[in-house]
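Novice: Before we start, here is the structure in question, set down as structure tokens.
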Amino acid sequence: MLPYNFLGAFSLMSRNRLAVDVGGTFIDFVLFDETEQKITIEKVSSGGKLEGKFFDGQKLLNIDLCEIEL
């Protein structure tokens, strides 16, 4: 089976998994690159309005949503 991203486009990009944990102080982001066997961890303050906090974490990880396996 050929690799496809969640938009259905053919993809040979590395496979990434993302875990997000929303806590009282921080939102933790754990990115696992299956191809390189690399883990990247970032934190975003959960204080204030939560709208957009996921995208703040995405920017810190420097990853396009199309690169995340579902």
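The values are calculated or read from the model by the stated rules, or taken from the named source; none is laboratory data. Predicted model, so just to flag it, every value in this text is computed and none were measured. Note that we place each Cβ from the backbone using ideal geometry, even for glycine, and neighbour counts take in every protein chain shown. Only protein heavy atoms, including side chains, enter the accessible area calculation; ligands, DNA and RNA are left aside. Shrake-Rupley method; radii C 1.70, N 1.55, O 1.52, S 1.80 Å.
Novice: Within the range 11-56, what whole-number % of the accessible surface is contributed by carbon and sulfur, with the 1.4 Å probe and all protein chains included in the calculation?
Specialist: 57 percent
Novice: How do the peptides 15-21, 25-31 rank, highest first, by the average count of neighbouring beta carbon atoms within 10 Å per residue?
Specialist: For the peptides 15-21, 25-31, the packing ranking is 25-31, 15-21.
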